[in-house]
Every structure is written in C-alpha cells, then in structure tokens.
Amino acid sequence: MLTSRPRGTEDILPEEINRWYFVENTARQVSRLYGYREIRTPVFEHTELFNRGVGDTTDIVEKEMYTFTDRGGRSLTLRPEGTAPVVRAFLEHHLEAGGLPVKLFYLGPMFRYGRPQAGRLRQFHQFGVEAFGSRDPALDAEVIALAMDFYNRLGLKELELHLNSVGCPACRPRHREKLQEYLRPYLGDLCPTCQGRFDRNPLRIFDCKNTVCQEIVAGAPTIVTCLCPDCGQHFARVQEYLQELAIDFILDERLVRGLDYYTNTAFEIMVKGIGAQGSIGGGGRYDGLVEALGGKPVPGIGFGLGLERILLALEAQGREQVPGGGVDVLVVTAGTGAEKVAVRLLADLRAAGLKADKDYLGRSLKAQMKYANRYPARMAVILGEEELARGRVLVRRLDSGVQEEIPLDAAAAYCRQEKERGFSG
RNA sequence: GUGGGUGUAGCUCAGUUGGUCAGAGCACCAGGUUGUGGCCCUGGGGGUCGUGGGUUCGAGUCCCAUCUCCCACCCCA
C-alpha cells in the first residue's frame with residue numbers, strides 16, 4: 001500500500017502533539033535546571049561507530065541496526081541509541097576544551113529493527129543525557145535524580161528505580177571466574193541459551209527467565225560481592241547520595257549492562273501497566289567508552305529514556321493532556337461584500353495575539369456558525385451587510401450565545417478583552 | 001528472527017450453515033430556519049469487504065499465499 005507507513009513507525013498527529021510538547025518541554029526545562037545543554041547529532045552515523053561504541057556482540061549490533069550503503073559506498077547506520085553519537089561529537093569537536101565536566105542532553109528519534117509490539121517501535125524517541133569528565137559518585141546520583149525529577153514533573157507515579165553496580169575491568173573478571181566456578185556443576189541443567197552464555201557472557205544468566213536457571217543462579221555470587229575496593233566504595237557513595245536526595249531505589253543484582261565499556265553504576269526505571277516492556281528508561285556509567293572510541297580516557301555517565309513508553313505510562317495512569325486545539329475567534333461573513341473586511345479583520349485579530357481563523361470554503365452563514373462551533377471557536381465575529389454599512393460588527397460568544405454590536409475598529413481589542421474575561425470568570 | 005490473534009465506509013463495528021450481505025451508529029455535506037452554531041427531523045456523498053491466487057453456478061463468508069496491525073518470546077526504550 002502506498003498509503004501506509006513503514007512497519008513499526010508512527011505518525012504523530014495534530015491532536016496528540018500537545019502530549020509531545022509537554023514531555024519535550026519538560027525534558028528541556030529540567031535538563032537546563034541541572035546544567036545540561038542540548039546537542040543535536042545526525043540521525044545516521046558511520047556504522048563503525050556503533051560496532052565499536054555499542055559492542056559487536058550485542059543484539060542491537062547483531063540484528064537490530066538499520067544499515068545501508070550510500071551512493072559513495074560508505075556504510076551508514078540509522079542511530080540505534082544516543083550515547084555513541086554524543087561521544088563521537090564530544091571527541092570530534094573537542095568539547096573537553098571548554099572545561100570538564102561537559103554535560104549534554106538530547107532529544108530525538110532512534111531506530112532499531114525488530115518485531116513491533118506494545119511499547120516497541122522501529123522508530124522511537126529518546127530523551128537522554130551524558131555527562132563527561134568526572135567519576136564523582138555525586139554525578140551518578142545527579143544523573144539519576146535528573147531522570148526521576150523528569151518523571152515526577154510529568155506526574156508519573158509508581159516507578160521503580162533499580163540500581164546495581166557492574167564493577168570495572170579490574171574486578172569484573174574476578175566475578176566472572178567465581179560465577180563460572182559456581183555454575184560449572186550445574187552446567188548441564190541450564191537452558192540451552194544459558195549454556196551458550198556460560199562462556200560468552202555468564203552475567204546474562206542472571207537475566208534468564210527460565211525457572212530452573214533462576215533457581216540455580218539464586219545462590220550464585222553477585223557482582224556486588226566481588227567489587228574491588230574502589231568500585232565498592234563508589235557504589236556505596238552513590239547510594240548514600242541517593243538517600244540524601246530521598247530517592248528510593250531497589251538494589252537489583254540481576255540488573256546487567258552487557259557491554260565492556262559499562263562500569264560501576266547501572267540503573268533502570270520500571271513502571272507497570274504498559275505491556276510486557278516495563279522499562280521506561282535506563283542508564284549507567286561508561287568510563288571506558290570514550291577511550292574505546294579513540295579519545296583520551298574520559299569517564300562518562302548518562303541515561304536514555306523512551307518517550308513513547310513514557311507517554312503510554314501517562315495514558316495508563318490517566319494523566320492525559322487536554323487536546324488544546326481550537327481558536328479564539330472565527331471571522332464569519334453574512335451576505336456579500338465583506339470578504340476584504342474579513343481578511344483585514346483576521347489580520348488585526350492575529351496581530352492582537354488572538355488565535356483566529358475564517359472559512360475558506362464559501363460556506364453559508366449557518367454553515368460558518370456550525371464550523372465555529374465545531375472548530376471550536378470561543379467567539380464568532382459576524383460581518384453582516386447592515387452592520388458593516390454602519391461600520392459595526394457583531395461579536396458573539398459561542399458558549400453563552402450572548403452577542404454584542406461593536407465598532408469594526410474596536411473589534412480586535414474587544415475580542416481580546418472578552419478572551420481575558422473568559423479566563424477569570 | 002519465532003509464535004498466537006487480527007484486517008468490512010474517515011471512526012467503532014454488524015454481516016447467520018457460501019445465494020439482495022454490502023449494512024448500522026458516529027463523523028462529513030445539504031435542506032428544514034433566503035442573516036446566526038450547539039438539540040431535533042429529512043436527505044446525500046463515501047467501501048477494489050487488506051492484497052493476490054484457488055474451490056464453486058455463485059465468496060465478505062471456504063482453502064492457500066502474502067502484507068498489515070495487535071499481543072507475546074528474544075532483547076531492550
């Protein structure tokens with residue numbers, strides 16, 4: 001079908017745009033409050049950036065990327081996430097030159113190829129922040145606080161903040177060894193997927209939903225118990241700061257970031273009632289990423305939040321935004337000879353800051369009034385031949401039906417007054 | 001990528017065992033009120049019944065394929 005959108009994409013229609021304005025405006029507002037500045041990167045990048053920045057063995061790179069070759073033979077990819085591009089821009093423009101830390105936020109579409117379902121699209125939108133240049137656990141807490149503040153301002157309730165530490169390249173191998181040591185006797189009992197994970201990424205076994213695997217892994221050594229002193233202290237500090245900020249969290253040792261570049265803090269925000277995909281955002285620290293992408297070792301931490309899922313959650317919690325279409329005034333003509341006056345008056349109304357429109361389909365007076373009612377318009381200014389001959393117009397309120405005759409020259413000012421009166425009473 | 005469900009007017013949906021089955025409500029347009037909306041009445045426009053094959057004298061109704069959307073898995077936002 002020519003008239004159908006590509007699978008997994010959505011049109012955001014005029015009647016729902018206010019919901020998006022609300023979420024986007026809140027994101028910008030709260031970001032600025034915390035000292036983050038907006039950055040806009042391209043929607044496509046060199047494929048290599050994601051291969052290296054996201055990780056070759058991740059599902060995203062292995063089977064979810066929109067990769068294509070352009071006319072110059074370059075391999076490009078529609079960005080599946082926001083962190084790697086921001087790191088690339090950070091390096092390309094030497095943003096560290098302005099002094100660290102560098103705190104950035106972004107808002108925009110991401111692309112992942114997969115089967116669409118509730119809360120999962122092929123093109124979706126994220127609000128994200130990235131902070132470079134500090135390992136201070138207070139910054140971890142700030143980033144998490146920013147996310148929670150954002151949700152609160154939207155009015156979202158019943159959120160669960162899951163928190164974990166995945167350690168660093170020094171302490172992680174130790175945990176891996178201990179974990180494998182523990183699991184080895186049960187290897188044959190694990191599900192086939194987890195048997196494969198045993199060598200590649202035993203951490204993922206914590207995530208398995210298979211009940212047998214869960215039972216086995218229940219007694220396994222968690223990462224937190226194997227953290228080196230530095231990482232252990234960092235994690236403890238993050239928790240202290242969160243407590244200081246009165247932010248509740250759930251320690252979740254099963255929360256895992258699969259990539260090598262992720263270090264220490266990992267977090268995810270869950271909400272119920274939006275389908276099987278309960279995560280509305282996640283993030284963590286990535287002290288190895290900037291270096292992996294060719295920069296000096298600069299630590300970083302950030303998050304990405306899914307806007308569609310947030311909108312779903314707002315809807316599920318009955319926090320719908322009012323549509324907010326409509327117009328203050330509809331200019332209506334009765335009889336002939338008023339067309340030019342109508343165009344002129346319309347311009348005056350708009351100049352006076354009123355939302356105003358007129359009929360462009362040559363409708364009858366009655367049809368124009370119906371149009372005004374349905375638009376909806378708060379007032380109709382009716383240009384009738386008789387009144388116009390005396391330099392006057394009729395201003396009718398659509399709610400009460402009260403109508404008054406006003407000099408044409410004073411009509412815009414009068415409408416303005418009426419509008420303001422309407423707000424107070 | 002795997003599995004289940006689904007697909008009839010702009011929207012929400014009826015459509016019996018294949019034979020006026022192409023309908024209703026809402027929406028839209030017009031008229032009832034030759035200068036006034038919201039209620040009511042009357043009338044009207046609008047559908048390749050997702051698409052392509054097949055079975056049949058005959059298919060929206062049966063079969064196959066394909067696409068879409070929905071839901072779940074994998075995984076994530």
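The values are calculated or read from the model by the stated rules, or taken from the named source; none is laboratory data. All figures in this text were calculated on a predicted structure; none of them were measured in a lab. We place every Cβ from the backbone using ideal geometry, glycine too, and count neighbours over all the protein chains shown.
In the stretch A:358-376, what residues are within 34 Å of the chain's Cα centre (by Cα), touching a residue at least 40 places away in the same chain (Cβ under 8 Å) and within 8 Å of RNA strand B (Cβ to nearest atom)?
Here is the first cut: in the stretch A:358-376, the residues within 34 Å of the chain's Cα centre (by Cα) are A:374-376.
Now narrow it down to the ones that are touching a residue at least 40 places away in the same chain (Cβ under 8 Å): A:375-376.
Within the stretch A:358-376, A:P376 is the sole residue that qualifies.
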With the requirement that a residue be within 6 Å of RNA strand B (Cβ to nearest atom) and within 20 Å of A:T336 (Cα to Cα), what does the stretch A:387-408 give you? A:E387, A:L394, A:R396
Among (1) closer than 28 Å to A:I17 by Cα; (2) part of a strand (DSSP E or B); (3) hydroxyl-bearing (S, T, Y), where does A:Y371 come up short? (2)
Assuming A:C194 fulfils every condition listed in (1) farther than 23 Å from A:D59 by Cβ; (2) within 35 Å of the chain's Cα centre (by Cα); (3) not basic (K, R) apart from one, which condition is it? (1)
What is the residue count in the stretch A:338-365 for residues that are modelled with pLDDT of 90 or more and assigned to a helix (DSSP H, G or I)? 13
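Being closer than 25 Å to A:N51 by Cβ, part of a helix (DSSP H, G or I) and either of a type in the set (V, I, T) or under 22 Å from the mean Cα position of the chain (by Cα) (or both) is true for just one of A:V224, A:V256, A:V290, A:V238. Which residue is that? Spell out the reasoning first.
Numbers: A:V224 fails: closer than 25 Å to A:N51 by Cβ; A:V256 fails: part of a helix (DSSP H, G or I); A:V238 fails: closer than 25 Å to A:N51 by Cβ.
So the residue among A:V224, A:V256, A:V290, A:V238 that is closer than 25 Å to A:N51 by Cβ, part of a helix (DSSP H, G or I) and either of a type in the set (V, I, T) or under 22 Å from the mean Cα position of the chain (by Cα) (or both) is A:V290.
In this structure, does A:E181 turn out to be surrounded by fewer than 13 Cβ atoms within 10 Å (Cβ to Cβ) and under 30 Å from A:G318 (Cα atoms)?
No; evaluated as a whole, the condition is false for this residue.
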Hey, any hits in the stretch A:95-102 for a residue that's in contact with a helix residue (DSSP H, G or I) (Cβ under 7 Å, 6 or more places away or on another chain) and either within 16 Å of RNA strand B (Cβ to nearest atom) or under 22 Å from A:N51 (Cα atoms) (or both)? no
Residue in the stretch A:269-287 that is surrounded by the fewest Cβ atoms within 10 Å (Cβ to Cβ), counting only those that are part of a strand (DSSP E or B) and more than 8 Å from RNA strand B (Cβ to nearest atom): A:M270
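With the requirement that a residue be more than 24 Å from A:G295 (Cα to Cα), within 15 Å of RNA strand B (Cβ to nearest atom) and in a loop (DSSP other than H, G, I, E, B), what does the stretch A:64-94 give you? Can you show your working first?
Residues of the stretch A:64-94 that are more than 24 Å from A:G295 (Cα to Cα), as a first pass: A:64-73.
Next cut, within 15 Å of RNA strand B (Cβ to nearest atom) only: A:64-67.
Within the stretch A:64-94, A:E64, A:M65 qualify.
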Counting only residues that are outside any helix (DSSP H, G or I) and modelled with pLDDT under 90, which one in the stretch A:23-63 is surrounded by the most Cβ atoms within 10 Å (Cβ to Cβ)? A:V54
Among residues of the stretch A:314-337, those that are at pLDDT 90 or above and either assigned to a strand (DSSP E or B) or near RNA strand B (Cβ under 9 Å from one of its atoms) (or both), counted: 7
With (1) surrounded by 16 or more Cβ atoms within 10 Å (Cβ to Cβ); (2) within 13 Å of RNA strand B (Cβ to nearest atom); (3) closer than 30 Å to A:N18 by Cβ as the list, and A:G384 as the residue in question, which single condition is left unmet? (3)
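Any residue in the stretch A:144-161 that is in a strand (DSSP E or B), within 18 Å of A:Y262 (Cα to Cα) and touching a helix residue (DSSP H, G or I) at 6+ places or on another chain (Cβ under 8 Å)? Explain how you work it out, then say what you get.
Of the residues in the stretch A:144-161, the ones in a strand (DSSP E or B) are A:160-161.
Then keep just the ones that are within 18 Å of A:Y262 (Cα to Cα); that gives none.
Among the residues of the stretch A:144-161, not one is in a strand (DSSP E or B), within 18 Å of A:Y262 (Cα to Cα) and touching a helix residue (DSSP H, G or I) at 6+ places or on another chain (Cβ under 8 Å), which makes the answer no.
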Checking A:A266 against (1) over 24 Å from A:S134 (Cβ atoms); (2) surrounded by 15 or more Cβ atoms within 10 Å (Cβ to Cβ), which single condition isn't satisfied? (1)
Pull out all pairs, ordered by first then second residue, where Cβ-Cβ is under 6 Å, the residues are six or more apart or on different chains, the first lies in the stretch A:163-180 and is in the same structural domain as A:D140 (by TED's automatic domain parsing), and the second is buried (at least 18 other Cβ atoms within 10 Å of the Cβ) and among the aromatic types (F, W, Y). A:L163/A:F249; A:L163/A:F267; A:S165/A:F235; A:V166/A:Y262
Test result for A:L190, surrounded by 17 or more Cβ atoms within 10 Å (Cβ to Cβ) and farther than 25 Å from A:A170 by Cα: yes
Among the residues of the stretch A:205-221 satisfying the criterion of being crowded, with 18+ Cβ neighbours inside 10 Å and either among the polar types (S, T, N, Q) or in a helix (DSSP H, G or I) (or both), which is farthest from RNA strand B (Cβ to nearest atom)? A:I216
I'm checking my understanding of the structure. Among residues of the stretch A:181-204 that are touching a residue at least 24 places away in the same chain (Cβ under 8 Å) and part of a helix (DSSP H, G or I), which one is nearest to RNA strand B (Cβ to nearest atom)? A:R204
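If you check A:K340, A:K296, A:K355, which single one turns out to be in the same structural domain as A:L154 (by TED's automatic domain parsing), of a type in the set (K, R) and more than 15 Å from RNA strand B (Cβ to nearest atom)? Even if it seems obvious, please write down each step before you answer.
Values: A:K340 fails: in the same structural domain as A:L154 (by TED's automatic domain parsing); A:K355 fails: in the same structural domain as A:L154 (by TED's automatic domain parsing).
The match here is A:K296.
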Filter pass, A:V43 being under 30 Å from A:N201 (Cα atoms) and in contact (Cβ under 8 Å) with a residue 12 or more places away in the chain: no
